[in-house]
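To start, the structure itself, in structure tokens.
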Ligand SMILES: *Cc1c(COP(=O)(O)O)cnc(C)c1O
């Protein structure tokens with residue numbers, strides 16, 4: 001018996017026929033870019049998040065980039081980003097011409113530490129990007145208070161947190177705008193690439209609609225240097241099916257996480273995640289910390305349990321940023337050396353993982 005790190009089989013078996021019928025419907029309709037399916041998905045996902053506007057785009061990176069462009073952020077500007085995140089958060093800032101300024105995580109968790117942000121603000125700072133890392137909402141009230149105090153925009157990178165809640169409110173509704181990815185492995189995943197922006201701000205929504213489609217509001221009229229980054233009809237139609245399952249699948253992830261948390265609470269040498277009381281975590285990943293990461297991963301591997309590391313190299317030490325004068329960010333480097341992601345997917349049986357961890361940690 002082996003346990004895969006991720007298996008989307010259960011999720012797709014549940015709606016296989018509906019997905020096939022959807023594919024046939026889009027094929028028969030013969031309209032593949034910016035049509036009824038994208039419009040319907042946008043309306044449904046906006047309603048799900050609790051905001052008036054959703055704009056479907058090509059992927060999560062472009063969702064972040066278009067938000068920054070629509071906010072007028074560019075060369076000479078600085079954007080505060082978590083030091084510990086997937087590289088896309090930083091790349092979006094770089095791609096709009098601004099500079100990512102790294103702030104490290106809370107000692108007790110994985111998300112950006114609001115207490116360390118003000119020291120990183122300069123006259124060039126324009127925005128803060130909060131990442132809901134691994135599916136856990138960041139401390140948005142604390143971040144909003146800082147943004148208000150300094151006149152900054154606040155952006156959610158919600159690529160790992162579809163359906164998560166902060167004080168009862170869904171991600172996607174917690175800041176000026178939010179970026180989602182529908183990469184197949186995300187909690188809400190397409191069968192290919194996809195992304196979206198959600199926002200309450202009608203002007204921002206309008207600007208992002210223009211930017212995603214060659215900077216055009218009227219066909220063959222181009223007023224800004226836009227992109228070609230649209231959610232396509234087929235992915236939108238498939239996402240409409242999968243959105244209807246999202247809450248059920250997130251609840252299944254929460255069950256697995258609950259079992260991990262109970263069973264592993266007293267395992268020596270492991271630091272378990274402990275989400276803040278006011279959030280509903282959707283467990284995109286279940287990430288533990290241990291200084292013996294390599295040994296533990298090998299011992300689990302020998303027992304047939306697959307694990308992964310999110311992320312092994314901090315953004316500021318990647319080739320793309322290594323020569324850009326970032327400080328050492330020692331806490332982030334230590335974190336990247338200790339994190340280990342356990343198998344997590346809806347329908348996973350956690351018992352073999354728990355047993356292997358208990359044997360391996362003895
Ligand atoms: C996946 C991800 C992205 C980028 O999404 P893509 O659709 O792959 O471009 C951005 N930020 C975070 C935190 C992610 O996990």
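Highest GNM mean-square fluctuation, the chain, Cα pairs closer than 10 Å: which of 173, 216, 105? Highest fluctuation of the listed residues: 216. What fraction of the DSSP beta bridges in the chain is antiparallel, stated in percent and rounded to the nearest 5? Taking every DSSP beta bridge with both residues in the chain, the antiparallel ones total about 60 percent. For region 14-160, the share of DSSP beta bridges that are antiparallel, to the nearest 5, is 5%.
If region 240-362 were replaced by its equivalent ellipsoid, with semi-axes equal to the square roots of 5 times the Cα gyration tensor eigenvalues, what would those be, largest first, whole Å?
After scaling each eigenvalue by five and taking roots: 27, 21, 14 Å.
Averaging over all projection directions, the Cα-based convex hull of region 160-272 occupies 9.9 nm² in the image plane.
Where is the GNM fluctuation largest for the chain (alpha-carbon springs, 10 angstrom cutoff): 131, 309, 224? Residue with maximal mean-square fluctuation among 131, 309, 224: 224.
Please figure out what share of the DSSP beta bridges in region 151-309 is antiparallel and state it in percent, rounded to the nearest 5.
Percentage antiparallel, nearest 5: 80.
For the options 330, 254, 235, a Gaussian network treatment of the chain with springs between C-alpha atoms closer than 10 Å singles out 330 as fluctuating the most.
Look at where the Cα atoms of region 86-137 and of region 150-200 average out, and the two centres are 15 Å apart. Divided by 2.2 N^0.38 Å, where N counts the residues, the Cα radius of gyration of region 1-125 comes to 1.44. Modelled spin-label separation between residue 274 and residue 149, with each label point placed 7 Å from Cα along the Cα-to-Cβ direction: 2.6 nm. When each of 344, 308, 1 is scored by the number of other beta-carbon atoms lying within 10 Å, the sequence from fewest to most is 1, 308, 344.
When only Cα pairs below 8 angstrom with a gap of at least 6 residues are kept, region 180-296 shows a relative contact order of 20 percent.
Kirkwood hydrodynamic radius of the chain, from the reciprocal of the average inverse Cα-Cα distance over all distinct pairs: 21.1 Å.
Straightening the chain between residue 330 and residue 167 buys 55.5 nm, computed as 0.36 nm per residue apart minus the Cα-Cα spacing.
Distance from the alpha carbon centroid of region 1-19 to that of region 248-299 works out to 21 angstrom. Exposure proxy ranking for 326, 220, based on other Cβ atoms within 10 angstrom of each Cβ and starting from the fewest, stands as 220, 326.
Fewest first, what order do 90, 345, 283 take by the number of other Cβ atoms within 10 Å? Mind showing how you got there, number by number?
Values: 90 24, 345 21, 283 27.
Exposure proxy ranking, most exposed first: 345, 90, 283.
With the cut-off at under 16 Å, measuring from each backbone N in region 160-202 to a point 7 Å along the Cα-to-Cβ line of residue 47 picks out no residue.
FYI, it's all coordinate maths here, none of it is from the lab. Everything numeric here is computed off the predicted structure, so don't read it as measured data. With ideal geometry, Cβ positions are generated from the backbone for all residues, glycine too; neighbour counts draw on all protein chains shown.
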